[in-house]
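To start, the structure under review is shown below, and the notes come after it.
Nothing in this text is a laboratory measurement; each read-out follows from the coordinates by a stated rule. Predicted model, so just to flag it, every value in this text is computed and none were measured. Please note: Cβ atoms are built from the backbone with ideal geometry, for glycine as well, and neighbour counts cover all protein chains shown.
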Amino acid sequence: MLKDIVEVRALDGHRLWLRFEDGVSGTVDLAGMVPFDGVFAPLADEARFREVRVLPEIGTIGWPGGADLDPDVLYSHITNEPIALPKFQTE
């Protein structure tokens, strides 16, 4: 897919509204997708969760402290399209 995220807004209840470079937009509920442990532990606090930012250099979103998410997974969740995996040839 390789669609970059170009806009993000934090919503109540650990939800995010996202817009991708191709104009697709929608909401994801991270409470059901991401365990709030490890690098994501600070995001259990909604004030910290709201610090989300677009990371244009890598085309995704992230938070202070290093947590980020795969834009393909988020795009797939919003569009209900499966993630296309490259086909590998075996010899």
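Looking at Gly23, Gly59, Gly38, Gly13, just one residue is exposed (fewer than 12 other Cβ atoms within 10 Å of the Cβ), on the phi > 0 side of the Ramachandran plot and touching a strand residue (DSSP E or B) at 6+ places or on another chain (Cβ under 8 Å), and that residue is Gly13. Only one of the numbered conditions (1) touching a residue at least 40 places away in the same chain (Cβ under 8 Å); (2) surrounded by 13 or more Cβ atoms within 10 Å (Cβ to Cβ); (3) outside any strand (DSSP E or B); (4) over 10 Å from the mean Cα position of the chain (by Cα) is not met by Leu2, and that is (2).
Test Leu74 against the stated conditions and say whether it is in a strand (DSSP E or B) and in contact (Cβ under 8 Å) with a residue 60 or more places away in the chain.
Values: in a strand (DSSP E or B): no; in contact (Cβ under 8 Å) with a residue 60 or more places away in the chain: yes.
The answer is no for Leu74.
Of all positions in segment 52-66, none carries a residue that is among the acidic types (Asp, Glu) and touching a residue at least 12 places away in the same chain (Cβ under 8 Å).
Can you tell which of Arg9, Arg19, Arg48 is assigned to a strand (DSSP E or B), over 15 Å from Asp70 (Cβ atoms), out of contact with any Asp or Glu (no Cβ under 9 Å at 6 or more places or on another chain) and not hydroxyl-bearing (Ser, Thr, Tyr)?
Details: Arg19 fails: out of contact with any Asp or Glu (no Cβ under 9 Å at 6 or more places or on another chain); Arg48 fails: assigned to a strand (DSSP E or B).
Criteria check complete, one pass: Arg9.
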